[in-house]
Amino acid sequence: MTNAFSPPWEHAVVTGGAGFVGSHLCAALLEAGTAVTCVDDFSTGRPENISEFRDRPGFRLVEANVSEPLTVDRPPDLVLHFASPASPADYLRLPLHTLEAGSLGTRNALALARGSGARFVLASTSEIYGDPQQHPQNERYWGNVNPVGPRSVYDEAKRFGEALTTAENDAHGVDTVIVRLFNTYGPRMRGYDGRAVPTFVRQALTGQPLTVTGDGLQTRSLCYVDDTVRGILSAAAHGMRGPVNIGNPAEITMLELARMVIELADSTSEIRFIERPTDDPAVRCPDITLARDKLQWEPRVAAEEGLRRTIAWFRAHTDS
């Protein structure tokens, strides 16, 4: 990752740092000269994601569950809480773990930030908007979430995490910001994690039919991971409280995405339609006016280029 960002932090703690987005955050911070402590229990994160910088000076791994109190060897001045199952396959498999990461994990990460006077970044999600009745979604929209549906363990964990983060800011003056991430994709995703991009890429590269749910006309907004990380660190450095949407406002249907992956992968795969999951949102698109105005941030990597890079990474990492 090319990173021109110059962070003001000496030591950052990244919970979930061996996960997809977390590992890219660790890499960007290390590249910019910030020491990093990665906290992960490897329930969904992977050792391979941090292998390239695991022996690098300034990097330390703490294998721990964030639902237990966090202890690190030196006070951080930045805490980024990214520990949570994030794909449908993971949070449906680990429902209680997901709820604990969003509740107990957020509490423990906030306690670490409060005790050291650190800036705190909560990784929230576009899923807090549920199946939205407002389109595109801005940060003032409260959402349309089923609190007892199959996706609720993730949606409500993140919504509670936002409420807890806000309360810590109000009650204890913890310096916090909430970032709501939209459909990030790129290298280091797992082919079987249940999200559309890695699923389609894996299927295209192995000649399997691409499984499009429903009629494929539901939309998502894909943001390449380098852009997402740049937005997260910009929000961390700005001092804003948020929440702030970090995502790509260019919508694409799942059917269009499947066809694009087949073309870019030079695949002979066909498309097969399957049943659409319960509570699957019909539309998803961020209003990023706040990020543009306050952070001077917007995505730079177009979908075609980002997918090319992602496909190339999957070709080189067949174990993924």
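Computed from the coordinates by the stated procedures, all read-outs in this text should not be read as laboratory data. Because the structure is predicted, anything quoted here is derived from the model rather than measured. In this analysis, Cβ positions are derived from the backbone assuming ideal geometry, glycine residues included, and neighbour counts consider all displayed protein chains.
If you stretched the chain out fully between R241 and E31, how much longer would it get, using 0.36 nm times the residue separation minus the C-alpha to C-alpha distance? All intermediate terms of the calculation are to be shown ahead of the outcome.
Working: separation 210, 0.36 × 210 = 75.60 nm, distance 2.56 nm.
The span from R241 to E31 would gain 73.0 nm if fully extended.
May I ask you to compute the full-extension gain from R60 to Q296, defined as 0.36 nm times their residue separation minus their alpha-carbon distance, rounded to one decimal in nm? Could the numbers behind the result be given before it?
Details: separation 236, 0.36 × 236 = 84.96 nm, distance 3.18 nm.
Result for the pair: 81.8 nm of gain on full extension.
Hey, any idea what the orientation-averaged projected area of the convex hull of the range 120-229's Cα atoms comes to, in nm²?
8.6 nm²
Classify the range 21-78 as rounded, prolate or oblate, taking a ≥ b ≥ c as the square roots of the eigenvalues of its Cα gyration tensor: rounded when a/c is under 1.5, otherwise prolate if a/b is larger than b/c and oblate if not. Could the numbers behind the result be given before it?
Working: a/c = 1.83, a/b = 1.14, b/c = 1.60.
Since a/c reaches 1.5 but b/c is at least a/b, the shape of the range 21-78 is classed as oblate.
In 5 Å bins starting at 0, how do the alpha-carbon pair distances of the range 59-103 split up by percent?
5, 19, 25, 22, 15, 9, 5, 0
Which whole-Hz ³J(HN,Hα) couplings does the range 82-98 yield from phi under the Karplus relation 6.51 cos²θ - 1.76 cosθ + 1.60, θ = phi - 60°, glycine and proline marked x?
Running phi through 6.51 cos²θ - 1.76 cosθ + 1.60 with θ = phi - 60° gives 10, 7, 4, x, 10, 9, x, 4, 7, 6, 6, 7, 10, x, 6, 4, 5 Hz.
Kindly identify the chain as rounded, prolate or oblate by the Cα gyration tensor criterion: order the square roots of the eigenvalues as a ≥ b ≥ c, call it rounded if a/c is under 1.5, otherwise compare a/b with b/c, prolate if a/b is larger, else oblate. Walk me through the intermediate numbers first.
Working: a/c = 1.60, a/b = 1.35, b/c = 1.19.
Taking the square roots of the gyration eigenvalues as a ≥ b ≥ c, the chain is prolate.
Distance from a point 7 Å along Cα→Cβ of Q208 to each backbone N in the range 244-267: keep the residues under 20 Å and list them by number.
Under cut-off, by backbone N: 254-267.
Once the Cα atoms of the range 185-320 are picked out, what are the Rg and Dmax in Å?
In order Rg, Dmax, the Cα atoms of the range 185-320 give 15.8, 49 Å.
Separation of the range 152-166 and the range 42-62 by C-alpha centroid, Å?
27 Å
Cut-off 19 Å, label point 7 angstrom out along Cα-to-Cβ of V148: give me the residues of the range 258-285 whose amide nitrogen falls inside.
Hits in the range 258-285 for V148 at 19 Å: 278-280.
What Kirkwood radius, in Å to one decimal, follows from the Cα pairs of the range 1-151? Intermediate values should be presented prior to the final figure.
On the way: mean 1/r = 0.0617 Å⁻¹.
Result for the range 1-151, one decimal place: 16.2 Å.
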